[in-house]
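Worksheet for the structure shown next.
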Amino acid sequence: MTLSRAEAARQDSVRAARLAEVIALQRRLADSLAASQRTLSAVQSSLQGLRGDVTTDLYSIQQQLVQVQALTGQSQQRLTELRTQLEVRGEQLGAAGTRDSARPAGAPVAPSADQIYQTSLEQLRRGSPGTARQGFRELLRLYPGDPHVPDATFFIGETFAADQPDSAAVYYNQVVRNAPSSARAATALYKLGLLADRRKDLDQAKELYQRVVKEYPKSDEAALARDRLKSLGR
């Protein structure tokens, strides 16, 4: 009995020593993992800070470039394009601070669909259809399912309307075909009628005006279409 008890005590002592070794190893592993996580967090913070500094520096350089080009007599269209890019970039920088904490390190900052749309529309209103067209097309590329798509498509047509009516018709048709229930559909259809009217294709113009009246009877364009039909003698 004495030998049995001594052996049991010895085995308990061995198990206790092994358990203590396992616990010590677990503690070392936990400490090592915690240190690694702290190091990784510090590296990520440093990278985000560096990226922000570089982005801000590039933005400042672009601003200076616009000023220099203005002084050296660059074309107004080119200056407008650069200013548009700066406006979009400035909006990106303003929103970047609130998104950096949730964005993985290295992920690019993209302007929202609304930012692109509003900036492009402003350029169109300023008389820069080429710059506006570029912005609207970028919106269609980046956000093909956004609610602004019918409006952007319509306004691409508007950028062509003055000197490239065939290209304008392509985009008006896209609005009518792809977004018939949108707020721009009646206007796009009426614009197609005006284009046909101007090229003296009176039969097609009448057909398009009649479609406006039939498909969008409560729209403002329906009243305009009725007036055009009267002037054409239906």
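Values for this structure:
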item	result
Among residues of the stretch 192-234, those that are in contact with a Gly (Cβ under 7 Å, 6 or more places away or on another chain) and closer than 17 Å to Asp151 by Cα, counted	0
Subset of the stretch 195-208 (residues that are surrounded by fewer than 19 Cβ atoms within 10 Å (Cβ to Cβ), assigned to a helix (DSSP H, G or I) and without any contact (Cβ under 8 Å) to a residue 24 or more places away in the chain)	Asp203, Gln204, Glu207
Meets criteria (over 20 Å from Tyr190 (Cβ atoms), at pLDDT 95 or above and not in a helix (DSSP H, G or I)) for Pro108	no
Number of the exception - Tyr190 against (1) out of contact with any Asp or Glu (no Cβ under 6 Å at 6 or more places or on another chain); (2) part of a helix (DSSP H, G or I)	(1)
Residue match in the stretch 144-154 (condition: at pLDDT below 90 and buried (at least 18 other Cβ atoms within 10 Å of the Cβ))	no
Qualifying residues in the stretch 123-147 (those that are part of a helix (DSSP H, G or I) and free of Cβ contacts under 8 Å to residues at least 12 places away in the same chain) - the one nearest to the chain's Cα centre (by Cα)	Arg141
Hey, Ala152 more than 24 Å from the chain's Cα centre (by Cα), assigned to a helix (DSSP H, G or I) and small (Gly, Ala, Ser) or not	no
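The values are calculated or read from the model by the stated rules, or taken from the named source; none is laboratory data. As the structure is a prediction and not an experimental result, all values here were calculated from the model. Here Cβ is always computed from backbone atoms with ideal geometry, including for glycine, and neighbour counts include all displayed protein chains.
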